[in-house]
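Shown next, in structure tokens, is the structure this report addresses.
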Amino acid sequence: MPKKPGYEQLEHRIAELEAQIKASDSAMKQFDSYMSSLHDTALGVLTELDLSQLLKNLLQNASKLIGMDDGYIFLPSPKKDELVIKYGIGRFENQIGYRLKPGEGLSGKVWISGEPMIVGEYESWEGRAPATAWDGMGADLGIPLKSGDKFIGVIGICSYEKGKKIGENEVLILTRFAELASIALNNADLHSKLRQELNQKIQTEKLLESQNQWMNTLLENLKVGVFMVEAPTGKPILANRQAKDLLGRGIMNGADKSTLSQVYQAFKSGTDEIYPEEQMPIVQGLKGKTHSVDDMTVIQPDGRQVDLEVFGSPVKNKDGKVVASIVSFSDITERKKTEKELRASHETLLTVLNSIDATVYVADMKTYEILFMNKFMIDLFGKNLSGEKCWDVFRGESKTCPNCTNDRLLDKNGIPTGVCVWSDKNPITGKWYINYDRAVEWTDGRM
């Protein structure tokens, strides 16, 4: 049956439409595959913690869409003077660690320019890298990885299949994957920094905990009380075990710099006068001053009285601001008792010496300073000459007396040898005396 006029043209048009539909359908399928791959890769960027596996998957997805089996990711070396293959698929799985200088090979040139680059036949390209790993390579596409304007690496897809071409579509696909790779690398860098900061924080906390334990152990085993108040309120914040034992109290709520004496029942030793807060070393420390006292008595809840010697100083931060005040104190009750007994004994001795109708004096054996004259001797010379040189006021000499017996009163070990008896006429009084000299330890420790 003969065809009607124009029928052949219609058939040709139908064939063209069918071809366009097939091409469109193929493009839609490729687009769907592209979007699905991008979606999966983007999801991996958000959820995958293993950066190495993530970037390998990204390379595989990109190479599958582009239709090439080999790919790589170059990252800068620690010194930023070379590019190093960190991740690879296909032939580049065995090239991990391969290095390029700036401007060397395709990736080195992408590093310099910061722009995508395509080479049709890499093996014969004059700018190729010299290593044999690149022998036989055909088309090669490199896309820069960036964080903002900062270069962070190169992602590349290549083919060892002769005649394989790379066009705008392939560049667009790999560019999108490069953006995801950049995000993944940024996330990994951020994660690494956060992990490093976290580890550092954990180590710091462990160190502080160890130091606190050591400090607490030290404080609890000190034989002196340690007590601290915060600035500027003066509220107690620390009291070690010895402090609690000596004060009969620990950290008392409601205590501050204006009530410390009342709360802890601190008095002036030997009186019923509450200790003035302004004179307390702990309060002086709040003012930035170092201060000490030995005239404080604390009355514990059970009525026991404890005499304290207290040393206080401010605690300052790195800027010099007072943030606390700390005191250390010890029990000097027995020392006070001994001192009282010594004073009583000394007063008794002086009473006895002042009752003797003979001249009695005490002089420092090193300086010849007169430390004591009894009443009889004061009356004889008309005044108390304590503090003067014995050879001057008793003998009228300009230097040590020629008949001074000091060298005979101590042995070579500094031990008193006993009484040295001698007689002579005193040039001041004009009288003859029998002298009994002896080395003794005076109340202040001097011989």
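Please treat every number below as a calculation from the coordinates, not as lab data. Because the structure is predicted, anything quoted here is derived from the model rather than measured. We place every Cβ from the backbone using ideal geometry, glycine too, and count neighbours over all the protein chains shown.
Values for this structure:
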{"read-out": "Candidate lysines for bridging to Lys383, where Cα separation is under 19 Å - those fewer than 8 sequence places away on the same chain excluded", "value": "Lys375, Lys431"}
{"read-out": "20 °C / 1.002 mPa s Stokes-Einstein diffusion coefficient of the range 73-163, Kirkwood radius on C-alpha pairs, µm²/s", "value": "164 µm²/s"}
{"read-out": "Rough spin-label spacing in nm, given labels placed 7 Å along Cα→Cβ, for Asp392 and Arg304", "value": "5.2 nm"}
{"read-out": "Cα centroid separation - the range 49-85 against the range 103-154, whole Å", "value": "13 Å"}
{"read-out": "Hydrodynamic radius of the chain per Kirkwood, over alpha carbon pairs, in Å", "value": "32.9 Å"}
{"read-out": "For the range 258-302, convex hull volume per residue from C-alpha positions, Å³", "value": "67 Å³"}
{"read-out": "Positive-end residue of Tyr436, Ser423, Leu342, charge dipole of the range 339-437 with Cβ unit charges", "value": "Ser423"}
{"read-out": "Residue pairs, from the table Lys56/Lys150; Lys101/Lys164; Lys56/Lys80; Lys257/Lys287; Lys80/Lys101, whose Cα atoms sit over 20 Å apart", "value": "Lys56/Lys150; Lys101/Lys164; Lys56/Lys80"}
{"read-out": "Cβ crowding within 10 Å averaged over residues, with 141-154, 422-435 ranked highest first", "value": "141-154, 422-435"}
{"read-out": "Charge dipole (debye, nearest 20) of the range 339-437; +1 at Cβ of Lys and Arg, -1 at Cβ of Asp and Glu", "value": "180 debye"}
{"read-out": "Karplus (6.51, -1.76, 1.60) ³J(HN,Hα), θ = phi - 60°, over the range 225-230, in Hz, Gly and Pro reported as x", "value": "x, 10, 9, 9, 10, 7"}
{"read-out": "Size of electric dipole in the chain: Cβ of Lys, Arg +1 and of Asp, Glu -1, about Cα centre, debye, nearest 20", "value": "580 debye"}
{"read-out": "Using a Förster distance of 45 Å, the FRET efficiency for Ala131-Lys318 (Cβ separation, nearest 0.05)", "value": "0.25"}
{"read-out": "Compactness of the range 225-331 as Cα Rg over 2.2 N^0.38 Å, two decimals", "value": "0.98"}
{"read-out": "Set of lysines with alpha-carbon distance to Lys340 below 20 Å, sequence-local pairs under 8 removed", "value": "Lys268"}
{"read-out": "Gyration tensor (Cα) of the range 339-437, equivalent ellipsoid semi-axes in angstrom", "value": "22, 19, 13"}
{"read-out": "In sequence order, calculated HN-Hα J values of the range 151-166 (Karplus, 6.51, -1.76, 1.60; Hz; x Gly/Pro)", "value": "6, 10, x, 9, 10, x, 10, 9, 9, 9, 8, 5, x, 5, 10, 10"}
